[in-house]
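The values are calculated or read from the model by the stated rules, or taken from the named source; none is laboratory data. Since the structure is predicted, the reported quantities are computational estimates derived from the model, not experimental observations. We place every Cβ from the backbone using ideal geometry, glycine too, and count neighbours over all the protein chains shown.
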């Protein structure tokens, strides 16, 4: 207790710096998950992708990031074990942030799309099990998180597979794909708008407007989300009217004009993916930061902790800076090296992944966006046949995933004993 009262302000400054560093790593590495498909399918340029991601990553982090944050903050370790020595929790969360941020920096330099969720969960489990006690880890919760890492790519792959099959049936494999694209794509746009609005209303806004006491039931949420979906659909229809058919280009590529229509749709799915990513992955940076802030302010480990809005803002800002400064490196891996993407394929992958991430954010499960998006891209590739996949690249990505957990845990253990040695 004396250690916290003596060094409290230093711990707070360190937590903010390390939290921002970790959020920078999330932006630099995981931007590929939100934007790699859009850039890889050439629906967006890198500059456009970064601009969209900056707006929607930040919005997702701030409006819908609170649910997962509470899992990262309180769900993985048993806070009661730290009641006699709250400073150990502070050392641990600081070391987890620094360890995960360091690993993400290394992976981003190498161009590996690793899981930021693996990094931080591995780091928290590492310092708790080795530095405190094996009993400090809530193994049941960790088990459900690990299971979600398998379930999420399978679920995203399945949704994306079915979405692309629906595109093939309704649009691509018809006599007039261009006319059918203009007819059916507004419905996909409605789904994108409805999904983003739904997760914001049901899970996100209760953290932002917690003092205003706004209570809506599920049907009211669904109704407001439907209005949002119709607005998105309306904007999309206006944008689609600008696309005129160019018959001369269809001689070489029957789907040339269709893919131009899908490129408009991908602007919307890119926004959805960035929003979903921000809502899920901001927790990786701000969950441990919130734990440090609450422990220092209360002078003890509290089971019921608050999530100040400024912490979500700091996390959102860190993601945006990482994205703008170093995000391009990992983008190429997901966008171009797993399977050849066109706007119609990229749309199915992005919407499938976004739907999966949004579902997980709503239930509070910190899933891996990387796994989800790679699973979605694989699903789209499989819809065209196994030969459409770059199996060597998939093997490299899988190997980098395996290394991430022990790397995060090992670094966190080192930093934990380093902080413990310095502060006592």
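Structure data summary
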quantity	calculated
Residues located in the stretch 284-310, provided they are under 22 Å from the mean Cα position of the chain (by Cα) and at pLDDT below 75	307
All positions within the stretch 143-158 that are more than 17 Å from the chain's Cα centre (by Cα) and either buried (at least 23 other Cβ atoms within 10 Å of the Cβ) or closer than 8 Å to residue 376 by Cα (or both)	158
The lone exception for residue 84 - which of (1) closer than 17 Å to residue 322 by Cβ; (2) not in a helix (DSSP H, G or I) it fails	(1)
Counted residues, the stretch 100-128 - those being farther than 10 Å from residue 412 by Cβ and either modelled with pLDDT of 90 or more or crowded, with 24+ Cβ neighbours inside 10 Å (or both)	13
Considering residues of the stretch 240-266 that are loosely packed, with under 15 Cβ neighbours inside 10 Å and part of a helix (DSSP H, G or I) only, the residue modelled with the highest pLDDT	241
Failed item, numbered, when residue 131 is tested on (1) buried (at least 24 other Cβ atoms within 10 Å of the Cβ); (2) under 13 Å from residue 409 (Cα atoms)	(1)
Residue within the stretch 57-67 that is more than 15 Å from the chain's Cα centre (by Cα) and at pLDDT below 80 present	no
Candidate set: the stretch 319-340, residues that are at pLDDT 75 or above and surrounded by 24 or more Cβ atoms within 10 Å (Cβ to Cβ); chosen: the one nearest to residue 76 (Cα to Cα)	319
